[in-house]
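Participant: Sending over a structure as structure tokens; questions will come in a sec.
The values are calculated or read from the model by the stated rules, or taken from the named source; none is laboratory data. Owing to the predicted nature of the structure, the values given are computational and were not obtained by experimental measurement. Note: ideal-geometry Cβ built from the backbone for every residue, glycine included; neighbour counts use all protein chains shown.
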Amino acid sequence: MQNIAGVFERTIQDLFGLETQVVFTRPNEQFGDLATNIALHIAKQLGQPPRAVAARVADAAKDALSTNIAGIAVAGPGFINITLSDNELMGLAQAAATEKPQDYQDKIVVAEYSDPNPFKAFHAGHFYTTIVGDAIARLVQAAGATVHRVNFGGDVGLHVGRAMWAIVGGDEQKALGTIKALASKPLHDRATWMAECYVKGTAAYESDGSAKAHIIELNKKVYQIHEQNDQTSTLAQIYRTCRTWSYEYFDEFYKELGVDPFEKYYPESPTTPLGLATVKEQLAKGVYQKSDGAVVFKGEPHGLHTRVFINSEGLPTYEAKDVGLIMAKWRDYHFDLSLIITGNDIVEYMKVVLKSVEQFMPELPPRTRHLTHGMLKLEGGVKMSSRRGNVLYANDILQAAQAAANGDKQTAYAAVKYALLKQRVGGDLIYNPKESVVLEGNSGPYLQYAHARARSILAKTTQQDPGDFVDLQPAERSLARKITEYPEAFQKAVSELMPHHICTYLYELAQTFNRFYEQSQVVGNEREALRTQLVQAYAHVLKDGLDILHIPAPERL
């Protein structure tokens, strides 16, 4: 369609001496394949009636587009409707999957998402962020970007102190023996045990003063393990073993879930010193300020709020750690865009962190985009809180999906991914396992079945060369027209970084194919060769879209 837009732009330049950008929309099918309101935009500049301008543009463009269009007409106050020739329409349909817009060509994009913390549960929030982040990363990669997938997690901090308090139990040697005994247990069991220790430690921290003091002391000792590169003390062995178990569990879960592997994992332990040093350096330059023994950034002059970056005990807060992470990602990648995908509970927090960084590295915040989502719940579930222990685990979501899919993992994983991705990222989401696995309706398994059905049809066809694509029947034309909309759906998804646009399009495409197939026999029909080309283009686009969502497109089910 770019060549058609170019003809219109040159026509307007020749007729009126105006430089314009022509954008096409999709009218109702009865009015044509493309429409533009460019005449309404330029008529005011020309001081002429829009319909008269549209008529002149349409007449002049018609000859230049004689091989591309079957008709051009002026409608309403000055809209120009275009009906593509059958050959043009089929050509666009066959190229739809391979000629997607490349908005991120030659761009370096760092995508940070998932971000589970060692020693804590991999909960439904991490699960949702992982699925969304994986799809968005694949979306920008398909748009030409070089994507670096990274993960950030707190291997130091008060949550570690809480877990370590319950793990150690006041006797480090006994705890080390427990750790060695647990080493033979399945990885999932070890991860669950650590999460339970965190919950126990949190309860003690909030209700027992002596336990709280011990947890604070353990927190400091964990920092010292990193500062001193302690590999041999009993506490260091316990800590490092449990941290390794967490990382191994995360990697195993990602692999089972079927998401792209992470290139780099940024623990807080190496990014914290960089953040602390940066905050102290900028404190001397007036970016940060001292307040009651702490170091803060005053956000009020920027319409934000004040946050603490170094607490009164001299320890860095999450804010300083995030400063270190931002600096580390810039050091490692010099990105054109840094995507940070998290829950929406830290929107205001992140605004303050980025505003503080803007004061000394103004080039970074404009290259950073913070995408947020709401809470993920199972239908009838409650808000999760790993501090209180009523956590909705990622595994709970998958088990519910598998139960609804009668134990079929492939179906379950496709179902849950699509169920999360088909909703616009931003608000809370309630996952209904039974609805997600149905083969009739807007579901991942439905689209998988649609692809397998198309491949089954193609396996039975024998005629391949249709010659010229002329005299398309209504059902053939409708399917071809819908296939050509894929680059536009892709463009919208990329522009907004919203994978649900791909989901919506694929579901509409499958429905259009169903209507086509009800009316149009493929195998053994005199129009088999032409219809084979249509089914091939349809299957190609369906597979491409599912691939972006990281959902397998099976050849058969």
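Participant: Can you name every residue in region 398-409 that is exposed (fewer than 15 other Cβ atoms within 10 Å of the Cβ) and part of a helix (DSSP H, G or I)?
Facilitator: GLN399, ALA403, LYS409
Participant: In region 510-548, which residue that is in a helix (DSSP H, G or I) and among the small types (Gly, Ala, Ser) is farthest from ALA414 (Cα to Cα)?
Facilitator: Within region 510-548, the subset in a helix (DSSP H, G or I) is 510-519, 528-548.
Restricting the remaining residues to those that are among the small types (Gly, Ala, Ser) gives 510, 529, 537, 539, 545.
Working: ALA510: 16, ALA529: 32, ALA537: 23, ALA539: 18, GLY545: 13 Å.
Selected residue: ALA529.
Participant: Quick one: which helices (runs of 4 or more DSSP H) lie wholly within region 421-509 and hold at least 2 residues that are more than 21 Å from the chain's Cα centre (by Cα)?
Facilitator: Filter on region 421-509 gives 433-436, 444-460, 474-483.
Participant: Has region 454-467 got at least one residue that is out of contact with any helix residue (DSSP H, G or I) (no Cβ under 8 Å at 6 or more places or on another chain) and basic (Lys, Arg)?
Facilitator: Checked region 454-467: at least one residue is out of contact with any helix residue (DSSP H, G or I) (no Cβ under 8 Å at 6 or more places or on another chain) and basic (Lys, Arg).
Here is a yes/no grid of residues against (1) outside any helix (DSSP H, G or I); (2) under 36 Å from the mean Cα position of the chain (by Cα); (3) at positive phi; (4) not basic (Lys, Arg):
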site: ASN151; (1), (2), (3), (4): yes, yes, no, yes
site: MET194; (1), (2), (3), (4): no, yes, no, yes
site: LYS200; (1), (2), (3), (4): no, yes, no, no
site: TYR249; (1), (2), (3), (4): no, yes, no, yes
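Participant: Sort out which residues of region 315-369 are over 18 Å from GLU281 (Cβ atoms) and either among the acidic types (Asp, Glu) or in contact with a Cys (Cβ under 6 Å, 6 or more places away or on another chain) (or both), and write them in order of number.
Facilitator: Within region 315-369, ASP332, ASP336, ASP345, GLU348 meet the criteria.
Participant: Based on this model, can you work out whether LYS62 counts as at pLDDT below 95 and assigned by TED's automatic domain parsing to the domain that holds GLU268?
Facilitator: It is false that LYS62 is at pLDDT below 95 and assigned by TED's automatic domain parsing to the domain that holds GLU268.
Participant: Turning to a different aspect of this structure: Would you be able to say whether some residue in region 322-329 is surrounded by fewer than 18 Cβ atoms within 10 Å (Cβ to Cβ) and either assigned to a helix (DSSP H, G or I) or in contact with a Gly (Cβ under 9 Å, 6 or more places away or on another chain) (or both)?
Facilitator: no
Quick grid of which residues meet (1) within 19 Å of ILE551 (Cα to Cα); (2) among the hydrophobic types (A, V, I, L, M, F, W, C); (3) in contact with a strand residue (DSSP E or B) (Cβ under 8 Å, 6 or more places away or on another chain); (4) part of a loop (DSSP other than H, G, I, E, B):
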position	(1), (2), (3), (4)
PHE119	no, yes, no, yes
TYR128	yes, no, yes, no
VAL140	yes, yes, yes, no
VAL160	no, yes, no, no
ALA163	no, yes, no, no
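Participant: Here is a further query. From the list TYR446, TYR507, which residue is touching a Lys or Arg at 6+ places or on another chain (Cβ under 9 Å) and of a type outside the set (Lys, Arg)?
Facilitator: TYR507
Participant: Hey, any hits in region 524-536 for a residue that's touching a helix residue (DSSP H, G or I) at 6+ places or on another chain (Cβ under 8 Å), closer than 24 Å to TYR418 by Cα, surrounded by fewer than 20 Cβ atoms within 10 Å (Cβ to Cβ) and not hydroxyl-bearing (Ser, Thr, Tyr)?
Facilitator: Scanning region 524-536, I find at least one residue that is touching a helix residue (DSSP H, G or I) at 6+ places or on another chain (Cβ under 8 Å), closer than 24 Å to TYR418 by Cα, surrounded by fewer than 20 Cβ atoms within 10 Å (Cβ to Cβ) and not hydroxyl-bearing (Ser, Thr, Tyr), so the answer is yes.
Participant: Restricting to region 119-157, and then to whatever is of a type in the set (Val, Ile, Thr) and within 30 Å of ASN219 (Cβ to Cβ), can you tell me which residue is surrounded by the most Cβ atoms within 10 Å (Cβ to Cβ)?
Facilitator: Filtering first and then ranking leaves THR130.
Participant: Only one residue in VAL416, VAL438 is free of Cβ contacts under 8 Å to residues at least 12 places away in the same chain and at negative phi. Which one?
Facilitator: Numbers: VAL416 fails: free of Cβ contacts under 8 Å to residues at least 12 places away in the same chain.
Residue meeting the stated conditions: VAL438.
Participant: Continuing with the same structure: Looking at region 78-105, which of its residues are of a type in the set (Phe, Trp, Tyr) and in a loop (DSSP other than H, G, I, E, B)?
Facilitator: Correct list: TYR104 only.
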